[in-house]
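The structure appears right after this line, and notes come after that.
Taken together, the values in this text are just the output of simple stated rules run on the coordinates, not laboratory data. Since the structure is predicted, the reported quantities are computational estimates derived from the model, not experimental observations. We place every Cβ from the backbone using ideal geometry, glycine too, and count neighbours over all the protein chains shown.
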Amino acid sequence: MFGFIIALISGALMSVQGVFNTEVTKQSSTWTTSSFVQFTGFLACILIWIFTERSQSFMMLTKVTPKYLLLGGIMGAGITFTVIKSIAALGPAQSAMLIVASQTVVSYLIEVFGLFGTEKTGFQWVKLIGVVLFVAGMVIFKWKS
């Protein structure tokens with residue numbers, strides 16, 4: 001149940017953050033906004049680390065293998081940029097639906113093939129049907145009467 005609630009909060013925060021970042025971009029620029037978002041996120045993480053995990057050294061990161069797993073921050077910059085641009089072009093609702101659809105498909109492929117160190121789950125028709133229904137729901141949502 002905890003994971004379910006946290007996932008709902010995550011989705012809500014992503015939607016609100018995307019709109020905030022898009023509105024800030026209208027008054028500044030995409031990379032200024034993205035830099036500010038990443039910098040303030042960094043400061044928040046450092047402060048939380050100081051109060052909760054200070055005994056854990058950053059040197060532990062030197063032992064992470066494979067090293068490509070450390071690219072999350074770079075991906076975060078790309079995520080911020082693409083969310084801003086998609087909300088500006090499509091609006092919050094359609095953008096969020098497409099983002100979640102992409103996340104669902106890519107995440108399922110990661111699970112099916114056991115990529116990046118995840119446990120391989122294997123293909124299941126019922127999950128594919130779920131993805132197809134999800135995409136059909138997006139088409140219905142966008143349908144103009």
Mind checking whether some residue in the stretch 100-110 is under 23 Å from Leu133 (Cβ atoms), touching a Phe, Trp or Tyr at 6+ places or on another chain (Cβ under 8 Å), part of a helix (DSSP H, G or I) and free of Cβ contacts under 8 Å to residues at least 24 places away in the same chain? yes
List the residue pairs whose Cβ atoms are under 7 Å apart, where the first residue sits in the stretch 119-135 and is without any contact (Cβ under 8 Å) to a residue 40 or more places away in the chain, the second is assigned to a helix (DSSP H, G or I) and among the charged types (D, E, K, R), and the two are 6 or more positions apart or on different chains. Thr121/Glu111
Please indicate, with yes or no, whether at least one residue in the stretch 48-66 is basic (Lys, Arg) and surrounded by fewer than 10 Cβ atoms within 10 Å (Cβ to Cβ). yes
Name the residue, out of Ile9, Ile5, Ile50, that is more than 18 Å from the chain's Cα centre (by Cα), in a helix (DSSP H, G or I), among the hydrophobic types (A, V, I, L, M, F, W, C) and on the phi < 0 side of the Ramachandran plot. Ile50
The correct count of residues that are farther than 13 Å from Met14 by Cβ, free of Cβ contacts under 8 Å to residues at least 12 places away in the same chain and in a helix (DSSP H, G or I) in the stretch 62-99 is 12
What is the residue count in the stretch 108-145 for residues that are surrounded by 13 or more Cβ atoms within 10 Å (Cβ to Cβ) and within 19 Å of the chain's Cα centre (by Cα)? 7
